[in-house]
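The values are calculated or read from the model by the stated rules, or taken from the named source; none is laboratory data. Being a predicted model, the structure only gives us computed values, none of them experimental. Note: ideal-geometry Cβ built from the backbone for every residue, glycine included; neighbour counts use all protein chains shown.
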Amino acid sequence: METGGPVPPQWQDIMSDVLVGSTHISARNAELAATLASDYAGLNPVLIVVLKGAFMFATDLSRALSIPHELEFIRASSYSGTGSTGTVVIHGLEHAKLAGRHVLVVEDIVDTGLTLSHIYARLKDAGAKSVKCIALLEKDTALRLKEVPSVDYIAFRIPDKFVVGYGLDFDQRWRHIPFVGVYKK
Ligand code: IMP
């Protein structure tokens, strides 16, 4: 499945375009894993996977990452349908032991940045030694909030369109599609 290629027939009612194909995703994951392996060598980082959207990206990235690392999973809920509610609830950090650890937040997509800001605020309180973020997608949007932490590693920058697939949903559907496409509203 190539970027810009035709949408496979079974997804043509759901997606108008393939934005990032699975071949590109795999190649980029391998590149990013090599960068992380070098940047975090000897540091035994903790990857904080932001569910549900980052599950597929984090799984592939973790498998490709050749250095020892640990995984924690948190839930951040901020969306209902295609619009942000403006509130973010985070669950799962309460049991993670992060004091003195090098933490890497694994996000599906950074849109307004509201979710990431809330997560960073919670991680600061947890006493992490370093906090960085890797995101599958960064959306080019005028709605990005000011003072959002910068994303340290970005797999793909995409235009301001609502996308589904490779973990991303519309009302909990289409996360399982193995590539990222523009959602047909
Ligand atoms: P932010 O807080 O506005 O940066 O939004 C982050 C969250 O909104 C992401 O983790 C996604 O779960 C969701 N989101 C933002 N844009 C999209 C999209 O295009 N498709 C699916 N989910 C999205």
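Could you go through the range 23-46 and let me know if any residue there is free of Cβ contacts under 8 Å to residues at least 60 places away in the same chain, of a type outside the set (D, E, K, R) and within 16 Å of the ligand (Cβ to nearest atom).
Looking for residues that are free of Cβ contacts under 8 Å to residues at least 60 places away in the same chain, of a type outside the set (D, E, K, R) and within 16 Å of the ligand (Cβ to nearest atom), one finds none in the range 23-46, hence no.
Looking only at residues in the range 128-147 that are hydrophobic (A, V, I, L, M, F, W, C) and near the ligand (Cβ under 9 Å from one of its atoms), which one is farthest from PRO159 (Cα to Cα)?
LEU145
Working only within the range 155-173, note down all residues that are surrounded by 15 or more Cβ atoms within 10 Å (Cβ to Cβ), over 15 Å from THR112 (Cα atoms) and not aromatic (Phe, Trp, Tyr).
ALA155, VAL164, GLY165, GLY167, LEU168, ASP169, listed by residue number.
Please verify whether the range 114-121 includes one or more residues that are surrounded by fewer than 20 Cβ atoms within 10 Å (Cβ to Cβ) and more than 9 Å from the ligand (Cβ to nearest atom).
Yes, some residue in the range 114-121 is surrounded by fewer than 20 Cβ atoms within 10 Å (Cβ to Cβ) and more than 9 Å from the ligand (Cβ to nearest atom).
Just wondering, is there one or more residues in the range 110-121 that are charged (D, E, K, R) and more than 15 Å from the chain's Cα centre (by Cα)?
No, there is no match, as no residue in the range 110-121 is charged (D, E, K, R) and more than 15 Å from the chain's Cα centre (by Cα).
With (1) within 16 Å of the ligand (Cβ to nearest atom); (2) loosely packed, with under 15 Cβ neighbours inside 10 Å; (3) within 20 Å of GLY167 (Cα to Cα) as the list, and ARG63 as the residue in question, which single condition is left unmet?
Unmet condition: (1).
For residues that are charged (D, E, K, R) and in contact with a Lys or Arg (Cβ under 8 Å, 6 or more places away or on another chain), scanning just the range 85-113, find the one that is farthest from the ligand (Cβ to nearest atom). Walk me through it before giving the result.
First, pick out the residues of the range 85-113 that are charged (D, E, K, R): 94, 97, 101, 107-108, 111.
Filter again for in contact with a Lys or Arg (Cβ under 8 Å, 6 or more places away or on another chain), leaving 101, 111.
Numbers: ARG101: 23, ASP111: 3 Å.
The residue in question is ARG101.
Have a look at THR115, THR141 and point out the one that is over 20 Å from PHE73 (Cβ atoms), in contact (Cβ under 8 Å) with a residue 12 or more places away in the chain and of a type in the set (S, T, N, Q).
Sole residue among the options that is over 20 Å from PHE73 (Cβ atoms), in contact (Cβ under 8 Å) with a residue 12 or more places away in the chain and of a type in the set (S, T, N, Q): THR141.
Among the candidates ILE25, ILE74, ILE14, which residue alone is buried (at least 18 other Cβ atoms within 10 Å of the Cβ) and touching a Lys or Arg at 6+ places or on another chain (Cβ under 9 Å)?
Values: ILE25 fails: touching a Lys or Arg at 6+ places or on another chain (Cβ under 9 Å); ILE14 fails: buried (at least 18 other Cβ atoms within 10 Å of the Cβ).
Unique residue meeting the criteria: ILE74.
Kindly indicate whether any position in the range 39-57 is modelled with pLDDT of 95 or more, exposed (fewer than 15 other Cβ atoms within 10 Å of the Cβ), closer than 21 Å to SER130 by Cβ and of a type in the set (Ser, Thr, Tyr).
No, there is no match, as no residue in the range 39-57 is modelled with pLDDT of 95 or more, exposed (fewer than 15 other Cβ atoms within 10 Å of the Cβ), closer than 21 Å to SER130 by Cβ and of a type in the set (Ser, Thr, Tyr).
Within the range 165-173, identify whether any single residue is within 13 Å of the ligand (Cβ to nearest atom) and among the basic types (Lys, Arg), and answer yes or no.
Within the range 165-173 (the criterion being within 13 Å of the ligand (Cβ to nearest atom) and among the basic types (Lys, Arg)), the answer is yes, since at least one residue qualifies.
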